[in-house]
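Input: a single structure, listed below in structure tokens.
Taken together, the values in this text are just the output of simple stated rules run on the coordinates, not laboratory data. Owing to the predicted nature of the structure, the values given are computational and were not obtained by experimental measurement. Cβ: placed from backbone, ideal geometry, glycine included. Neighbour counts: every protein chain shown.
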Protein chains: 2
Amino acid sequence: MPTPRVEIRYCPKCRWLLRAAWLAQELLTTFEGALGEVALVPAGNGLFQVWLDGELIFSRAEAGRFPEAKELKQLVRDRIAPDKDLGHSDRN
Amino acid sequence: MPTPRVEIRYCPKCRWLLRAAWLAQELLTTFEGALGEVALVPAGNGLFQVWLDGELIFSRAEAGRFPEAKELKQLVRDRIAPDKDLGHSDRN
């Protein structure tokens, strides 16, 4: 299994696959060459979580909202490519 | 790692992420409740392959073309849910 591995766990009953797939593509595009894989993982009711190599980096239940793409990129960047400049995703 | 696991290996330089992500969503929608995960895996030049639990089920290099969604669903169905009727994806 290629690493770093991002896992996006989403609730299929809530129809959150589209969000999950969108964020997967954002990450794979931004971190081309630096991510091993992004897995889309159907999970329990109301769940939307992002994991990086076994660490929970975003939880909808904890945050009370969905992640923004910018925010997720910063969370991933800080862990796998701390020197990477995210351009406009790094302003404010 | 949840199973059954589908892995879509694609060439990012060829800009095949969009196809890979589209097919991932087709599979996750059709096999809701029956697939553990679909992973999008950036891979080597010109590569487009679909793996199911470690078995190569489609290779662009071997087939000389990309997979059709219908075809991929049949390949996955035959292995993880042989009794499942794919509706219009099963005709001709």
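Could you size up the charge dipole of the range B:5-90 around its Cα centre, putting +1 on the beta carbon of Lys and Arg and -1 on that of Asp and Glu, and report it in debye to the nearest 20? Before the final figure, lay out each step's value.
Numbers: 12 positive and 13 negative charges, 99 e Å.
In total the dipole reaches around 480 debye.
Can you say what percent of the DSSP beta bridges in the range A:5-90, counting only those with both residues inside, are antiparallel? Round to 5.
Roughly 60 percent of the beta bridges in the range A:5-90 run antiparallel, per DSSP.
Strictly over 24 Å apart at the Cα level, which of B:Lys13/B:Lys70; A:Lys73/B:Lys70; A:Lys84/B:Lys13 would you flag in this model? Each step should come with its number before you reach the end.
Values: B:Lys13/B:Lys70 26 Å; A:Lys73/B:Lys70 34 Å; A:Lys84/B:Lys13 20 Å.
Check vs 24 Å cut-off fails for B:Lys13/B:Lys70; A:Lys73/B:Lys70.
Which semi-axes, in whole Å and largest first, does the equivalent ellipsoid of chain B have when worked out from the alpha carbon gyration tensor as the square roots of 5 times its eigenvalues? Intermediate values should be presented prior to the final figure.
On the way: eigenvalues 89, 44, 26 Å².
Over the Cα atoms of chain B, the semi-axes work out to 21, 15, 11 Å.
With a Förster radius of 25 Å, plug the Cβ-Cβ distance of B:Glu62 and B:Trp22 into 1/(1 + (r/R0)^6) and report the FRET value to the nearest 0.05. Show your work: numbers first, answer last.
Working: r = 21 Å, r/R0 = 0.84.
Step by step, r from the Cβ atoms, then E = 0.75.
Expressed as an acute angle from 0 to 90° and rounded to the nearest 10, what is the orientation of the C-alpha long axis of helix A:17-30 relative to the principal long axis of chain A?
Taking the Cα atoms of chain A, the angle to A:17-30 is about 10 degrees.
If you average the C-alpha positions of the range A:20-89 and of the range B:1-34 separately, how far apart do those two centres end up, in angstrom?
Centre-to-centre distance over Cα atoms comes out at 17 Å.
Under a GNM of chain B (C-alpha, springs under 10 Å), which listed residue has the highest mean-square fluctuation: B:Ala21, B:Ala34, B:Ala61?
Answer for the Gaussian network model of chain B: B:Ala61.
Kindly provide the pair-distance distribution of the protein assembly as shown built from C-alpha pairs, with 5 Å bins from 0 and whole-percent values in order of increasing distance.
The distribution over the protein assembly as shown is 1, 8, 17, 20, 20, 15, 9, 6, 2, 1, 0, given as percents.
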